[in-house]
1. Looking only at the stretch 232-244, which residues are more than 11 Å from LEU111 (Cβ to Cβ) and under 17 Å from the mean Cα position of the chain (by Cα)?
2. Which condition breaks for GLN110 when tested against (1) assigned by TED's automatic domain parsing to the domain that holds SER220; (2) free of Cβ contacts under 8 Å to residues at least 12 places away in the same chain; (3) out of contact with any strand residue (DSSP E or B) (no Cβ under 8 Å at 6 or more places or on another chain)?
3. Could we say that THR87 is modelled with pLDDT of 85 or more and buried (at least 16 other Cβ atoms within 10 Å of the Cβ) here?
4. Can you report the number of residues in the stretch 128-147 which are among the hydrophobic types (A, V, I, L, M, F, W, C) and under 9 Å from ASP241 (Cβ atoms)?
5. Can we say SER155 is touching an Asp or Glu at 6+ places or on another chain (Cβ under 7 Å), of a type outside the set (Phe, Trp, Tyr) and in a strand (DSSP E or B)?
6. I need the full set of residues from the stretch 135-158 which are within 17 Å of ARG225 (Cβ to Cβ) and either modelled with pLDDT under 95 or basic (Lys, Arg) (or both), in order please.
7. Is there any pair linking a residue in the stretch 127-140 that is in the same structural domain as SER168 (by TED's automatic domain parsing) to one that is surrounded by fewer than 17 Cβ atoms within 10 Å (Cβ to Cβ) and part of a helix (DSSP H, G or I), with Cβ under 6 Å and at least six apart or on different chains, and which?
8. Report, by residue number, each residue of the stretch 117-130 that is at pLDDT 95 or above, in a loop (DSSP other than H, G, I, E, B) and either among the aliphatic types (A, V, I, L, M) or surrounded by fewer than 17 Cβ atoms within 10 Å (Cβ to Cβ) (or both).
Amino acid sequence: TCSHTNQQTNPWWSVDLHGVYNITCICQCQDLHRELSSRLYLLGNLHMEINVKVQNITAFLSNQINVYEFPSSMSRRYVTVIRPENTFMVLCDVKITGTKMENSNKPNIQLMDKRAYQSTTYTGIDEIHYTADRALDGNQSTCSHTNQQIDPWWSVDLQDVYNISCISIYNVHQDNKVTNISGAKIYIGNSRQNNGINNKLVQNITAFLANQINVFEFPSSVSGRYVTVIRPGNTFMVLCDVKITGTKMG
């Protein structure tokens, strides 16, 4: 049995592993009539974001198990295959070897009872107040939302110091792109001074995708009580669902 796209320009296939894995090997077998040459394997932590090109498939053998090993394991959540031409994408059997990273995508800090703050609070025409705590209620369809302003920010007080290894952010898609927070910065530390930007800068968000869970992992966990997201410029800050992975210190 095989997956099969229509004929199109640059057809693709992708799998979400529902966690970040150290990937060491990808195996693929195709039947005799399914040509696979001239394809690319891409690994990333955002769906359809080209983070790392790991394999050019230049000489695929049908009715054989084709093995692609990576000497340095790649830590990624999504595996994508793209065929860069006007053609079909057909895949009959894909196997991936790897180990799930500890604490990967497991929101083990309970956030619903934590205090969240933001620079301003937007009130919609429906008289709903889009308060900061809406980003922590576990509901992806309810969002925090500031007014338009210079350098809007959002922050959560974890009420204890944690070693933080991962933060994931989900935003719904809006045509006006207000929920695309590309360019935002994440700070972690123990100070609330200067709206949290005196703390350690741990992430520049360069390619945020709405309607996807955007995962930001820190190879060396960072410690802090406050997590702050700041969006530079005259704009809004919108966050629909924030999850934080870490362990309490002490």
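The values are calculated or read from the model by the stated rules, or taken from the named source; none is laboratory data. The structure presented is a predicted model; accordingly, all values stated were derived computationally and were not measured. With ideal geometry, Cβ positions are generated from the backbone for all residues, glycine too; neighbour counts draw on all protein chains shown.
1. Within the stretch 232-244, VAL238, LEU239, CYS240 meet the criteria.
2. Checking GLN110 against (1) assigned by TED's automatic domain parsing to the domain that holds SER220; (2) free of Cβ contacts under 8 Å to residues at least 12 places away in the same chain; (3) out of contact with any strand residue (DSSP E or B) (no Cβ under 8 Å at 6 or more places or on another chain), the one that fails is (1).
3. In short, yes.
4. Number satisfying all stated conditions: 3.
5. No: the conditions fail for SER155.
6. Answer for the stretch 135-158, where residues must be within 17 Å of ARG225 (Cβ to Cβ) and either modelled with pLDDT under 95 or basic (Lys, Arg) (or both): there is none.
7. none
8. Passing the criteria: THR120, THR121.
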